[in-house]
1. Taking the stated definitions as given, is LEU347 open to solvent by 10 Å² or more (accessible area, probe 1.4 Å) and touching a strand residue (DSSP E or B) at 6+ places or on another chain (Cβ under 7 Å)?
2. What are the pairs, 6+ residues apart or on separate chains, where a residue within segment 19-41 that is closer than 15 Å to MET93 by Cβ and aliphatic (A, V, I, L, M) has its Cβ under 6 Å from a residue that is outside any loop (DSSP other than H, G, I, E, B) and open to solvent by 30 Å² or more (accessible area, probe 1.4 Å)?
3. For the structure I just gave you, tell me whether LYS471 is closer than 22 Å to ASN381 by Cα and in a strand (DSSP E or B).
4. Within segment 408-436, can you find the residues that are under 17 Å from ILE394 (Cβ atoms) and either free of Cβ contacts under 8 Å to residues at least 24 places away in the same chain or assigned to a loop (DSSP other than H, G, I, E, B) (or both)?
5. Being among the charged types (D, E, K, R) and without any contact (Cβ under 8 Å) to a residue 12 or more places away in the chain is true for just one of LYS61, LYS53. Which residue is that?
6. Got a number for residues in segment 379-405 being surrounded by fewer than 23 Cβ atoms within 10 Å (Cβ to Cβ) and part of a loop (DSSP other than H, G, I, E, B)?
7. Say we look at segment 84-102 and pick out the residues that are open to solvent by 10 Å² or more (accessible area, probe 1.4 Å) and more than 17 Å from GLN167 (Cα to Cα); which of these is farthest from the chain's Cα centre (by Cα)?
8. Kindly check whether there is at least one residue in segment 283-306 that is hydrophobic (A, V, I, L, M, F, W, C) and over 18 Å from ILE199 (Cβ atoms).
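The values are calculated or read from the model by the stated rules, or taken from the named source; none is laboratory data. If you're wondering where the values come from, they're calculated on a predicted model, not measured in any experiment. Every residue, glycine as well, gets a Cβ built from its backbone with ideal geometry; the counts of neighbours run over all protein chains shown. Just so you know, the surface numbers come from the protein's heavy atoms only, side chains and all, with ligands and any DNA or RNA stripped out. Shrake-Rupley method; radii C 1.70, N 1.55, O 1.52, S 1.80 Å.
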Amino acid sequence: MGITLEKLLEKVDYKVVKGTLDLSINDVIYDSRKVSKDVAFVCMSGAVVDGHKFISDAISKGASAIIVEKDVEIEEPVTVICVSSTRKALALMSAAYFGYPATKMTTIGITGTKGKTTTSHMIRTVLERAEKKYGIIGTIGTFINGKKWETENTTPESYELQKFFHQMVEENTEYMVMEVSSQGIKLDRTAGIHFNYGIFENISPDHIGPTEHKDFAEYLECKSRLFSQCDVGIVNGDDEHWKEIVAKATCQVKTFGTSQSADFCATNIEHVTQGGDLSMKFHAKGLLEGDIIVGLPGRFNIYNAMSCAAVCALMGLPKEDILHALEHVHVQGRVESMTVSDDFSVLIDYAHNEVSSRSILTTLREYKPNRIVSVFGCGGNRAKMRRYTMGEAIGELSDLSIITEDNSRLENVMDIIEDIKVGMHKTSGKYVVIPNRQEAITYAIAHAQKGDMIILLGKGHEEYMDYDGKKHPYSERQAVANAVKEIFGKDINI
């Protein structure tokens, strides 16, 4: 679809270096390999690749407009536009190219160190119950009215975002729910998107390092920007940093939490165990009144459920749909319960660092299990400190740890396991080493005792195991099913 360059740039601050704005542009491209005739090529400067180096290649393939943020010498007869940030320009141009599709739906952006995926899929469950058409973009992938696409990042690049929004509008989608990562905000992937609702779950030190955020202050500041691009902010008033998050907010702010002063308050919180299934229960006051059962374990899921219930209530969705959906919610790889036996529980969770591992294991302790049995490994070609701290945390909080593989990538599995043991040896925790993950899971289930909780950490929703430089098909749910078939001779639903 053609659009004039002038229209593409209508929300961008720019300077015409040479050429004319009176061009018909067929597409907006930031990967020189995808350039074709009469496109605008946006030269993005990345950590590894600088698009400015591919200008000649783009022109030779037919690009008629080049968007730069550096001084360049271009002799060919093309239009050259200079901007302060090509990343931001890409976002604003992509929105214009697809006709500002986000403005044609009710939009919800969710940020937080933990809980984004769970909350988005809680909202999804309510929308399905209310028979609404929806789109979701996040860690597990992109979903449009039940169909799924894989995505590389929690928050995809801005062009891909706008393309997905456009597809949602084409399919008459009413609601768009999106995980908004701090990196997505920092890299301007969400620039130009105005959300109807923004949700803040929590914040704790994470994603801090040379390729992410330089320090916690920058991490917090990036998350806070969401509340300068939404109409209503729904924030966790129990988080110690919530006032900093909304300090510069331009939106109306609603709070949720356990304080009586919150706009949405949870009281009488209970941990519920029924057979091998774990859930939570609380009484809600404020934006929604009544008893709420959450079909997922853990106090943190009270907060996720509250943010979901709050935004759904504010959007006017029926109370009965909200309550029913939360009771029956299922989120792949997020404290996901698998029905194996009435005598013990088997749970799958994506926790793959110290903070998230401590959180889930502390949560399971609140259900007073006979034992916590943790099956886990650590990723290769990542900071070794994560192995030490995970080993120590899981050793402290588990009755038995089964150390195994988890995306060893280009490293030797046994080298990673030796690093994990360094942390494990700081504790008195018992452990066994079974390098093959399928065998480790089978061992855990075969040796389960009545009242045990077996938690499989690290893989979560992933459908692969990354080793020897390649991603091989692997499913944690299928591994559990294989173990149950081998041990008990029965099939289970996955």
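1. Against the criterion (open to solvent by 10 Å² or more (accessible area, probe 1.4 Å) and touching a strand residue (DSSP E or B) at 6+ places or on another chain (Cβ under 7 Å)), LEU347 does not qualify.
2. Correct list of pairs: LEU21/GLU6.
3. Yes.
4. Correct list: GLU418, HIS425, LYS426, THR427, SER428, GLY429, ILE434, PRO435.
5. The unique qualifying residue is LYS53.
6. So the answer is 6.
7. If we take residues in segment 84-102 being open to solvent by 10 Å² or more (accessible area, probe 1.4 Å) and more than 17 Å from GLN167 (Cα to Cα), then SER84 is farthest from the chain's Cα centre (by Cα).
8. Looking for residues that are hydrophobic (A, V, I, L, M, F, W, C) and over 18 Å from ILE199 (Cβ atoms), one finds at least one in segment 283-306, hence yes.
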